[in-house]
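S.K.: Below is the structure I would like to discuss, written out as structure tokens.
All of the numbers you see were taken from the coordinates with simple rules; none came from a lab. Every value quoted in this text rests on a predicted model; they were computed, and no experiment measured them. Ideal geometry is used to build each Cβ from the backbone, glycine not excepted, and the neighbour counts take in all protein chains shown.
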Amino acid sequence: MRSPYNFIVSPLGDNYNNTKKIGGKDVIINTSLESAKYVNRLAVVIETPHHYNGDVKPGDIVVIHHNVFRTYHDMKGRQTKSPEFFRDDLYILSPERIYLYKRNGIWNSHLNYCFVKPIATIQNESLHIVDKEEKHVGIIVYPSKNQIKNLNLNSGDMVAFTKNSEYEFEIDDLKMYRMYDRDVVIELNNYVV
């Protein structure tokens, strides 16, 4: 079974990550289908597109769009799966819905996506700042191939990014922002923020 243009993936775990171990017991922390925060974003690649010659291979773990495994209520109030649902635990996914892939324990960016870790607010003694994160500034954790090749940006580089370009993910218990590589606009390694 192979698609001409799309990946076939299966969820890694359940469709929702809405339980947490507290005192050795599983506690449900969310019961709403509407909250995207608790939708599982990890999948296993079952098959790649027929003419695909990229880096992602069958068996890789991938980070995907939050709506892929989401359950919705249709116009009549019935629960229904996302448009990517195929059958059983299989989902058909366009390449643009895959952001990271993991092979041999190492995460790599897919296509033109990168992941940036926010940094704590740099406190100015004369100002009282409420924000916990520096706005639009972070550290590249997973650069895109384009950033490495053409811009000489690597993991660990401090950068500035455009407003509203960041989309929050949690990768290996670390908060990061997924964005397009074009949204990283300034390298800040030699500057004081």
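S.K.: Go ahead and estimate [θ] at 222 nm for the chain from helices alone: -39,500 (n - 2.57) per DSSP H run with n ≥ 4, summed, over the residue count, rounded to 500.
M.R.: Taken over the chain, the calculation gives -1000 deg cm²/dmol.
S.K.: If the reach is capped at under 17 angstrom between alpha carbons, list the aspartates and glutamates near Lys117, excluding any in the same chain fewer than eight residues apart.
M.R.: Asp131, Glu133, Glu134, Asp157, Glu166, Glu168, Glu170, Asp172, Asp173, Asp181, Asp183, Glu187
S.K.: Then there is this: Using Cα positions and a limit of under 16 Å, work out the lysines in reach of Lys102, with same-chain residues fewer than 8 apart set aside.
M.R.: Lys57, Lys145
S.K.: Once amide H atoms are built 1.01 Å from N in the peptide plane, which residues 5 or more positions from Arg70, or in another chain, come under 5 Å H to H?
M.R.: For Arg70, whose amide H was placed from the backbone, the distant partners under 5 Å are Ser82.
S.K.: Related question: HN-Hα J couplings of the range 110-120 from phi, Karplus 6.51/-1.76/1.60, θ = phi - 60°, integer Hz, Gly and Pro as x?
M.R.: Computed from phi, the couplings for the range 110-120 are 10, 6, 9, 9, 9, 10, 10, 8, x, 10, 5 Hz.
S.K.: Taking other Cβ within 10 Å of each residue's Cβ, how do Val185, Val56 sort, fewest first? Walk me through the intermediate numbers first.
M.R.: Working: Val185 11, Val56 22.
In increasing order of surrounding Cβ atoms, one gets Val185, Val56.
S.K.: Tell me, what ³J(HN,Hα) does each residue in the range 169-183 have, in order and in whole Hz, if you take phi through Karplus 6.51 cos²θ - 1.76 cosθ + 1.60 with θ = phi - 60° and put x for Gly and Pro?
M.R.: After applying 6.51 cos²θ - 1.76 cosθ + 1.60, I find 9, 10, 10, 6, 6, 10, 6, 9, 10, 8, 8, 6, 4, 5, 7 Hz.
S.K.: Separate question: What residues have an amide H closer than 5 Å to that of Val39, excluding those fewer than 5 places away on the same chain, when H is modeled at 1.01 Å from N in the peptide plane?
M.R.: Asn17
S.K.: Would you tally the net charge around Thr80, using a Cβ to Cβ cut-off of less than 11 Å, leaving Thr80 out, and scoring K and R as +1, D and E as -1?
M.R.: Local charge sum for Thr80: +3.
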